[in-house]
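S.K.: My questions all concern the structure below.
The values are calculated or read from the model by the stated rules, or taken from the named source; none is laboratory data. These numbers were taken from a predicted model, which means no experiment stands behind them. Every residue, glycine as well, gets a Cβ built from its backbone with ideal geometry; the counts of neighbours run over all protein chains shown.
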Amino acid sequence: MTTLDADRCACGCTDAPCFVDALRQLGRQRFDELGWPTRRDESWRYTDVSPIANTQWREPGDALPADVYPADVARFAIPDLDAVTLVFVDGVFRPELSDDASDLGAGVTCTLLPEAVRERASWLDGRIGTLTSETDDAFTAMSNARAGELGVVLHANAGARAAKPVRVLSIASDPTPVAAHPRHVIIAGKGAGVTFIEHSVCLADDAVSFTNAVTEVFADDGAKVEHYFLEQDSERAFNVSTLAIRQGASSDVHSHTILLGGRLVRNNVMPTLIGEDAHCLINGLYVGQGRQHLDNAMRVRHAAPNCRSRQHYKGIMNDRSRGVFTGRIIVDPVAQQTDAIQSNRNMLLSDDARINARPQLEIYADDVRCTHGCTTGRVDDELVFYFRSRGIPENVSRAMLIYAFAAEGFERMSLKPVRRLLAAEMIAKLPGAQGLSIELD
């Protein structure tokens, strides 16, 4: 495709635009300053990343393409979901396994990030990196240093509505360590609406991968964006994801995160509400077993009046797994009439499972309604006894209660096929739940 003058960098660059080069340089410089995080860093207090830092990772594409076929991709389909699926295998885009992304409706375009850097620079100028350049996180700095190499751009003009969701399916297949740094950019113009799904899976249980994904969401005034992150990696995988959001006036952004796999997973969600009457929902569930380590860090910043935010995260930890939740709400002085609620509830299924939770409020305005709460407990023995007194076996009784605890988060998701998939995954994970029959509205 010929690069149009209107889509060139403002300075006329014909290679990587100067703003992308500047972001890469800033990322390299910042990572050199920060180094790998340690547990002395407050935001990584409960998470040891040395297994990532001490592994020799190869680049995507250094080896021959993996033998992955349409039947393999079909294994990870979300039943009954009509979506455009773009497939990446070990960090390499596979067009022969992907759908045609040209049928998303008038005014909605989905393209690979390297193509957008070359041919749609005007979309990215003033967008890409603006939510991550001032970072104290080494993984985000690392992503900035690789900006433009891998990822997807979803762009909706003002008033446009995507005809179907876009799903990015990332498949890990290689037992040798592979690192990928995808960056996705979602731009929803004034009054536009899009749905974006990141789905991370493994083709084999011995697949070793490190995914360091950054997604930047720009929701202009009145836009509606729904983002899903479904993480089902192997238990030898490392996954660090960052969702950075900028919301205009009266915009509505929903973030849904489900963490089911991975050896070490870090999930960052960072919305900034800069326009009046914006609304943000952060909804998540993390389910750990074995020695999995699942770390969630939320930071919601209210930077305009009359905005609402809701955080609802639940954790279910079994065996020797460990869950971490850090929730932070910041209310700027200008953000009067803020309405913010943060809730973190956790369930421990074994004596060796652990949860570390840190709910935090920073309020600099005086006319606000902000609440936060955190609970950690076990399955209620009295309810188990109640079910058993009605002839239900103990293991089934416990499975029903655990499922009910988790299912509340599914109900906040608008995509019924995703809700059904997650319900089936939960039933498969819970001992004694295989006989349950779940009907979702």
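S.K.: Identify all residues within the range 274-286 that are free of Cβ contacts under 8 Å to residues at least 60 places away in the same chain and either under 22 Å from Ser43 (Cβ atoms) or of a type outside the set (D, E, K, R) (or both); write none if there are none.
M.R.: Of the range 274-286, the ones free of Cβ contacts under 8 Å to residues at least 60 places away in the same chain are 274-280, 282, 286.
Ile274, Gly275, Ala278, His279, Cys280, Ile282, Tyr286, listed by residue number.
S.K.: Just to be sure I understand, how many residues within the range 135-161 are over 19 Å from Asp62 (Cβ atoms) and either in a strand (DSSP E or B) or of a type in the set (Lys, Arg) (or both)?
M.R.: Selection size over the range 135-161: 6.
S.K.: Restricting to the range 331-383, give me the number of residues that are surrounded by 15 or more Cβ atoms within 10 Å (Cβ to Cβ), closer than 25 Å to Gln292 by Cα and among the charged types (D, E, K, R).
M.R.: Within the range 331-383, the first condition is being surrounded by 15 or more Cβ atoms within 10 Å (Cβ to Cβ), and the residues that meet it are 331-332, 335-349, 353-359, 361, 363, 365, 368, 370, 372, 374, 376, 379.
Now narrow it down to the ones that are closer than 25 Å to Gln292 by Cα: 342-349, 353-359, 374, 376, 379.
If we keep only those that are among the charged types (D, E, K, R) too, we end up with 345, 354, 358.
Number of matching residues: 3.
S.K.: Can you say whether Ile78 is in contact (Cβ under 8 Å) with a residue 12 or more places away in the chain, in contact with a Pro (Cβ under 6 Å, 6 or more places away or on another chain) and in the same structural domain as Thr135 (by TED's automatic domain parsing), as far as the supplied structure shows?
M.R.: Details: in contact (Cβ under 8 Å) with a residue 12 or more places away in the chain: yes; in contact with a Pro (Cβ under 6 Å, 6 or more places away or on another chain): yes; in the same structural domain as Thr135 (by TED's automatic domain parsing): yes.
The answer is yes for Ile78.
S.K.: Within the range 292-333, considering only strands (runs of 3 or more DSSP E) that don't extend past its boundaries, which have at least 1 residues that are farther than 17 Å from Asp233 by Cβ and in contact with a Gly (Cβ under 6 Å, 6 or more places away or on another chain)?
M.R.: In the range 292-333, the matching strands (runs of 3 or more DSSP E) lie at 293-302, 308-317.
S.K.: Out of Gly151, Gly159, I need the residue that is at positive phi, modelled with pLDDT of 95 or more and either surrounded by 22 or more Cβ atoms within 10 Å (Cβ to Cβ) or in contact with a His (Cβ under 6 Å, 6 or more places away or on another chain) (or both). Which one? Break it down into steps so the answer makes sense when it comes.
M.R.: Working: Gly159 fails: either surrounded by 22 or more Cβ atoms within 10 Å (Cβ to Cβ) or in contact with a His (Cβ under 6 Å, 6 or more places away or on another chain) (or both).
The match here is Gly151.
S.K.: While we're here: Condition (residue is in the same structural domain as Ala207 (by TED's automatic domain parsing), within 24 Å of the chain's Cα centre (by Cα), in a loop (DSSP other than H, G, I, E, B) and modelled with pLDDT of 95 or more) applied to the range 17-25: is it met by at least one residue?
M.R.: Within the range 17-25, none of the residues are in the same structural domain as Ala207 (by TED's automatic domain parsing), within 24 Å of the chain's Cα centre (by Cα), in a loop (DSSP other than H, G, I, E, B) and modelled with pLDDT of 95 or more.
S.K.: On the basis of being hydroxyl-bearing (Ser, Thr, Tyr) and within 19 Å of Val217 (Cα to Cα), does Thr176 make the cut? Give the derivation first.
M.R.: Working: hydroxyl-bearing (Ser, Thr, Tyr): yes; within 19 Å of Val217 (Cα to Cα): no.
Taking the combined requirement at face value, the residue does not satisfy it.
S.K.: While we're looking at this one, here's another question. Just give me the residues in the range 162-183 being in a loop (DSSP other than H, G, I, E, B) and either at pLDDT 95 or above or in contact with a strand residue (DSSP E or B) (Cβ under 7 Å, 6 or more places away or on another chain) (or both), in sequence order.
M.R.: Restricting attention to the range 162-183, the residues satisfying the condition of being in a loop (DSSP other than H, G, I, E, B) are 162-165, 173-177, 181-182.
Listed by number, the residues that qualify are Ala162, Ala163, Lys164, Pro165, Ser173, Thr176, Pro177, His181, Pro182.
Results for (1) at pLDDT 95 or above; (2) crowded, with 23+ Cβ neighbours inside 10 Å; (3) farther than 16 Å from Ala180 by Cα, shown as yes or no for each residue.
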site	(1), (2), (3)
Glu226	yes, no, yes
Arg236	no, no, no
Val240	yes, yes, no
Ala244	yes, no, yes
Ala249	yes, no, yes
Val253	yes, yes, yes
Ile258	yes, yes, yes
Gly262	yes, yes, no
Val265	yes, yes, no
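S.K.: Give the residue that is nearest to Ala424 (Cα to Cα), with candidates limited to residues of the range 398-413 that are touching a strand residue (DSSP E or B) at 6+ places or on another chain (Cβ under 6 Å) and not in a helix (DSSP H, G or I).
M.R.: Met413
S.K.: Turning to a different aspect of this structure: Given the structure, is Thr132 buried (at least 22 other Cβ atoms within 10 Å of the Cβ), part of a loop (DSSP other than H, G, I, E, B) and in contact with a strand residue (DSSP E or B) (Cβ under 7 Å, 6 or more places away or on another chain)? Even if it seems obvious, please write down each step before you answer.
M.R.: Numbers: buried (at least 22 other Cβ atoms within 10 Å of the Cβ): yes; part of a loop (DSSP other than H, G, I, E, B): yes; in contact with a strand residue (DSSP E or B) (Cβ under 7 Å, 6 or more places away or on another chain): yes.
The answer is yes for Thr132.
S.K.: Out of all the residues in the range 79-115, which are within 22 Å of the chain's Cα centre (by Cα), part of a helix (DSSP H, G or I) and hydrophobic (A, V, I, L, M, F, W, C)?
M.R.: Within the range 79-115, just Leu113 meets the criteria.
S.K.: Quick check: is even one residue across the range 51-58 part of a helix (DSSP H, G or I), small (Gly, Ala, Ser), without any contact (Cβ under 8 Å) to a residue 24 or more places away in the chain and surrounded by 12 or more Cβ atoms within 10 Å (Cβ to Cβ)? Show your work before the answer.
M.R.: So the first thing to find is which residues in the range 51-58 are part of a helix (DSSP H, G or I), and the list is 51-53.
Still in the list and also small (Gly, Ala, Ser): 53.
From the residues that got through so far, the ones that are without any contact (Cβ under 8 Å) to a residue 24 or more places away in the chain too are 53.
Retained after the next criterion (residues that are surrounded by 12 or more Cβ atoms within 10 Å (Cβ to Cβ)): 53.
Yes, that holds for at least one residue.
Residues checked against (1) outside the structural domain of Pro417 (by TED's automatic domain parsing); (2) of a type in the set (Gly, Ala, Ser); (3) touching a helix residue (DSSP H, G or I) at 6+ places or on another chain (Cβ under 7 Å):
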position: Thr130; (1), (2), (3): yes, no, no
position: Glu149; (1), (2), (3): yes, no, yes
position: Ala162; (1), (2), (3): yes, yes, no
position: Ser170; (1), (2), (3): yes, yes, no
position: Asp174; (1), (2), (3): yes, no, no
position: Ala179; (1), (2), (3): yes, yes, no
